[in-house]
Every structure is written in C-alpha cells, then in structure tokens.
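A.B. asks: Below is a structure I'd like to ask you about.
Just so you know, all these numbers are worked out from the coordinates, no wet-lab data involved. Note that the structure is predicted; figures quoted are calculated from it, not measured. Note that each Cβ is placed from the backbone with ideal geometry, even for glycine, and that neighbours are counted across all protein chains shown.
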Amino acid sequence: MPEPKFTETFAIVGTFVHSSTENPLIKLEDHCLGVADSKIVFLQKCDANLQTTLLDHNIAAESVIYLEDRQFLVPGFVDTHIHASQYPNCGKGLDEGLLSWLQKYTFPVEAKFADLEYASDTYSKVISRVIKNGTTTACYFATIDTDATLRLCDIVDKAGQRAVVGKVNMDQNSPDFYKEETTQSYRNTVRFVQEVLKRKYQLVKPCITPRFAITCCMDLMKQLGQLARTHQLHVQTHICETKDECNMVQKLFPENKSYTDVYEEAGLLTQKTVLAHGIYLSKEERELIKRRRSGISHCPNSNLSIRSGLLDVKDCFEDDIAVGLGTDISGGYSPSIMDAMRTAISTSNTIAMQRGPSYTPLDYKDVFRMATLGGARVLDMDDIIGNFEVGKEFDALIIDPKAPTSVIDVFENDTIEDVIQKFVFLGDDRNISKVFVAGRDLSLEKVVVEQ
Ligand code: GUN
Ligand code: FE
C-alpha cells in the first residue's frame with residue numbers, strides 16, 4: 001500500500017477504540033471517521049450512506065485511508081504529570097526516597113537548564129521521545145528558569161504537541177544553587193505567562209507551577225493563586241506523595257487543617273488544577289478536592305520506583321474525582337503512558353491482594369480510559385480531546401499490533417478485546433505507527449527541533 005497522505009481533510013476507515021463517561025471501552029468496527037480543519041466531523045458505520053457523508057464533507061476517494069488488518073485507532077495519550085527537565089535522569093538514580101532524591105539528583109539536573117543550549121537539546125530529546133510513545137497532550141514541569149521554560153514552549157509548539165507548560169516556583173527549603181527570591185519568583189512567573197500568551201501558540205498553554213508546599217511560602221502561593229485566577233490558567237503541583245513530605249508540610253504550615261487546606265488557602269485549587277500523586281489524602285481532603293473540581297495525576301511508576309506508596313485510585317473514583325495517568329519522569333523511569341497503564345494495574349492488583357477478594361482492582365479498560373478521557377478531564381480539556389466525539393479535535397494514534405518488530409503475537413482466534421489487552425500489556429512505541437494532534441500527522445514530520 002502506498003504511504004497515505006493525510007491532508008487537512010481526510011477520512012479513516014477501520015476499527016476505533018475509545019471511552020465515554022459511561023463506558024471505558026467502546027469498540028467500533030468497520031467505521032469511518034472524518035477530519036476537517038483539525039476536528040472530527042463525523043464517525044459512522046461504513047454503510048450505504050457513507051458515500052453521501054464523504055461528498056457532504058468534500059472528502060475525495062484518495063483522501064480516504066483504510067487501516068490494515070488488526071490495526072486500530074485510539075485517542076492520543078494524555079500525560080498529566082511529566083518533568084521534561086528531569087529527562088537526563090530518566091532510568092537512573094532511584095536509590096533514594098523523595099526528599100533526599102530531590103536534593104541528590106533532581107535539583108542538580110534542573111539547575112543545568114540555566115544553560116539555554118543544554119535546555120534546547122534536552123527538551124528536544126524528551127519531546128521527541130514522548131511523541132513517539134503516543135503522548136499527544138502533556139502537562140510539563142520545566143525548571144525555575146524562565147527563558148529555558150519559554151524555550152520548552154517553543155519546542156513543543158514546533159513539534160506540534162498539545163501541552164500545558166509551567167515555570168517552576170521555589171523560594172524556600174531549596175539549595176542555594178537552585179532557589180528563587182520570593183518577589184523575583186512571582187515577577188518571573190508573570191513574565192512567563194505574559195510572554196506565552198503573547199506568542200499565541202495554537203496548542204501550548206502556560207501553567208502556574210508551585211513545586212509543592214515545602215518549597216513555596218504561603219505569600220508566594222497566594223500571589224500565584226491570584227495570577228491563575230486573573231488569567232484562568234492551569235495550576236500544577238505535588239500533594240501527599242510521601243509520609244515524610246506530609247509531616248514536613250504539617251510542621252511548616254501548623255495553622256492549616258491539612259496539606260490540601262494549604263493549597264485551598266492559597267487559592268490554588270481550581271477546575272484547572274492538577275495534583276500529582278495524592279497517595280496519603282484523607283477522605284476530607286478528597287472531598288475538598290472534589291468540591292474544587294481539581295484532578296489527580298496518578299503516577300504509579302514513580303510511586304513504586306522511589307517507594308512513595310500505593311495510590312488507591314478507587315477511593316478517588318468513589319469520591320468522583322477525575323484521575324489521569326502521569327509518567328512523572330524521572331521519579332518514574334518510563335516516558336510511556338503505556339507503561340503507566342500497566343503499572344497502574346499492578347499497583348491496583350497489589351492493593352487487591354492486601355484487601356482480599358471483595359476488592360475489585362482496575363482492569364485494562366479502566367486504565368485505557370484514564371490514559372485518554374480521564375487525563376483530558378484532569379486537564380479540563382475533555383470538551384476538546386479525550387475521545388472520538390464529533391466536534392472534538394482529532395488527537396489519535398494508529399495502533400499496529402503486527403508492526404514488523406512488535407513483541408505482540410496476534411493469533412487468529414484473538415478477538416478485538418484480546419488484541420486491545422495485548423496492546424495494553426505488551427505494547428510499546430513500535431506499535432504506534434502514526435501520531436495525530438489536531439488532525440496533523442506528527443509522524444510525517446521531523447519532531448526534533450533544531451534551535
Ligand atoms: N515533589 C516535589 N518535587 C518533585 C519532583 O520533582 N518529583 C516528584 N516525584 N515529586 C516531587
Ligand atoms: Fe513530579
């Protein structure tokens with residue numbers, strides 16, 4: 001088959017797999033999906049009416065792409081928590097718990113981003129890697145350096161990925177070589193936000209990013225909360241990741257009822273707030289998070305790799321809190337949301353073994369929805385991405401279980417459900433043959449951006 005051309009307006013015929021609020025796994029075989037100007041304009045069965053639909057949307061026969069045997073389309077993956085700046089450490093330095101890990105490995109590598117050339121090179125590498133792994137939308141932590149964070153925005157924009165990007169704030173309990181003065185931290189954040197808004201990127205948004213309560217004083221967090229409100233910005237931070245961290249927050253903010261209450265007082269809990277980890281949240285804290293409609297980023301690889309603990313996602317679901325998946329590079333060692341899906345299942349299975357047979361762990365359908373629609377909901381973007389609803393942006397992946405070097409073996413009697421499960425448990429970047437963001441085929445473009 002000749003290499004198909006995905007122009008501005010095209011249609012794809014084949015099997016579509018996505019989620020809705022009601023159903024974590026919807027399988028649509030022998031369907032056709034139309035794309036025009038970055039959006040999904042129709043999704044229907046390949047029946048006698050299809051020709052009329054194609055004509056109505058001015059889609060010529062040569063712009064109809066047919067998926068091959070066993071291939072299927074899924075919504076692009078959403079990584080709700082990733083430190084782009086920690087990519088050089090990805091896969092190493094996991095011998096310490098959170099607080100000493102930050103001092104020993106993380107702050108030193110983040111400090112290097114004051115060098116713009118280092119920043120450009122490293123950010124290009126991580127963006128390229130995560131796009132290959134199917135991340136069409138990412139919520140990035142950068143570093144405290146404003147110019148390097150603006151460079152990250154440029155690189156993401158050129159690569160064509162959808163993203164929320166934050167300049168990190170930290171004005172206390174941080175080493176001298178990687179720390180800001182309070183006023184400067186706020187001013188630089190204002191400059192970052194204004195500059196990003198001025199650049200009018202199509203798919204890149206600025207994010208308010210107080211690292212966590214330990215490294216930010218209340219005054220700074222309150223100013224940042226106000227800034228987020230003024231411009232209706234996303235907010236991202238860490239919460240209740242380890243017990244030592246929770247104890248330290250309690251000591252630093254003795255007046256506050258809880259860790260969550262610290263962020264509440266600062267005005268940082270909104271519908272656009274992403275809270276990473278949340279392992280040790282109390283029921284009361286979850287109820288507050290639910291009232292503010294903030295979301296949780298579940299980072300199972302990181303939680304196991306630096307031994308933070310096991311998040312019981314089902315508690316969050318019971319309290320109707322949106323939960324998405326995060327790689328949390330480099331606390332997590334994998335840049336892939338496919339890895340996050342299976343590590344979320346392993347974590348849930350571990351909890352099930354502790355709890356006994358009455359506990360139903362997450363299954364492959366649940367984590368598939370968390371990787372797509374769940375993540376979109378956490379980022380308050382479920383009105384534009386997350387599944388194949390007509391009117392949404394076309395962010396999608398062509399999955400090829402039988403790609404030449406694939407480690408998945410498909411058997412003749414495998415059903416679609418079987419093949420999807422095999423993809424969730426065994427899939428990797430070799431099985432992602434195309435990556436679309438806003439209707440644009442990123443795999444046909446050079447992802448690494450030369451600055
Ligand atoms: N808490 C504060 N900073 C960090 C970080 O960089 N990674 C993780 N996993 N937790 C944090
Ligand atoms: Fe993190």
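A.B. asks: I'd like the distance separating the alpha-carbon centroids of the stretch 79-125 and the stretch 170-209, in whole Å.
C.D. replies: About 17 Å separates the Cα centre of the stretch 79-125 from the one of the stretch 170-209.
A.B. asks: Give me the extension gain from LYS251 to GLU284: residue separation times 0.36 nm, minus the current Cα-Cα distance, reported in nm with one decimal. Write down the numbers at each step before the final one.
C.D. replies: Numbers: separation 33, 0.36 × 33 = 11.88 nm, distance 1.95 nm.
Length gained between LYS251 and GLU284: 9.9 nm.
A.B. asks: Given a Förster distance of 22 angstrom, what is the FRET efficiency for THR9 paired with ASP363, based on the Cβ-Cβ distance and rounded to 0.05? Let's see the in-between values first.
C.D. replies: On the way: r = 37 Å, r/R0 = 1.69.
E(calc), rounded to 0.05, equals 0.05.
A.B. asks: Normalized C-alpha radius of gyration of the stretch 286-411, against 2.2 N^0.38 Å?
C.D. replies: Numbers: Rg = 15.7 Å, N = 126, 2.2 N^0.38 = 13.8 Å.
Taking N as the residue count of the stretch 286-411, the ratio is 1.14.
A.B. asks: I'd like the trypsin sites (Lys or Arg not before Pro) in the stretch 37-124 restricted to DSSP loop residues with at most 11 other Cβ atoms within 10 Å, sorted by number. Present the calculation step by step, with values, prior to reporting the outcome.
C.D. replies: Working: sites: LYS39, LYS45, ARG70, LYS92, LYS104, LYS112; in loops: ARG70, LYS92.
Loop-located and lightly packed - LYS92.
A.B. asks: Within the stretch 55-91, whose backbone N sits under 18 Å from a point 7 Å along Cα→Cβ of ASN49?
C.D. replies: Within reach of a label on ASN49, which here means backbone N under 18 Å from a point 7 Å along Cα→Cβ, the stretch 55-91 contributes 55-59.
A.B. asks: So for the chain: antiparallel DSSP bridges make up what percent, rounded to the nearest 5?
C.D. replies: Numbers: 26 of 61 bridges.
Within the chain, antiparallel bridges account for around 45 percent of the total.
A.B. asks: Which is the longest stretch in the chain that no exposed loop site breaks, taking sites as GluC sites (Glu not before Pro) with a DSSP loop state and at most 16 other Cβ atoms within 10 Å? Please list the in-between numbers first.
C.D. replies: Values: sites that count: GLU8, GLU22, GLU68, GLU96, GLU181, GLU255, GLU389, GLU412, GLU445, GLU450.
Answer - 256-388.
A.B. asks: Can you tell me, using C-alpha contacts under 8 Å and at least 6 residues apart, the relative contact order of the chain as a whole percent? Kindly include the intermediate steps, with their values, before the conclusion.
C.D. replies: Working: 981 pairs, mean separation 89.0, N = 451.
Value for the chain: 20 percent.
A.B. asks: Taking the mean number of other Cβ atoms within 10 Å as a proxy for protection, how do you rank 323-331, 365-373 from highest to lowest? Working shown, then result.
C.D. replies: Details: 323-331: 29.4, 365-373: 25.8.
Those peptides, ordered most packed to least, come out 323-331, 365-373.
A.B. asks: To continue, here is another question. Would you mind checking which residues have amide H under 5 Å from VAL204's amide H? H placed 1.01 Å from N; only 5 or more apart, or other chain.
C.D. replies: Correct list: ALA163.
A.B. asks: Jot down the radius of gyration and Dmax of the chain, Cα atoms only, both in angstrom.
C.D. replies: Gyration radius and largest Cα-Cα distance of the chain: 21.6, 69 Å.
A.B. asks: So how far apart, in nm, are the two label points at LEU197 and ARG307 if each is 7 Å from Cα heading toward Cβ?
C.D. replies: Between LEU197 and ARG307, the label points sit 4.6 nm apart.
A.B. asks: Count neighbours as other Cβ atoms within 10 Å of each site's Cβ, and list the trypsin sites (Lys or Arg not before Pro) in the stretch 176-246 that are DSSP loop with at most 15 such neighbours.
C.D. replies: LYS200
A.B. asks: Give a quick list of trypsin sites (Lys or Arg not before Pro) in the stretch 298-361 that DSSP marks as loop, anything other than H, G, I, E or B, with at most 15 other Cβ atoms within 10 Å.
C.D. replies: Numbers: sites: ARG307, LYS314, ARG342, ARG355; in loops: ARG307.
Loop-located and lightly packed - ARG307.
A.B. asks: Also, quick follow-up: Of GLY427, LEU379, LEU310, which is farthest towards the positive pole of the chain's charge dipole, taken about the Cα centre with +1 and -1 on the beta-carbons of Lys, Arg and Asp, Glu respectively?
C.D. replies: LEU379
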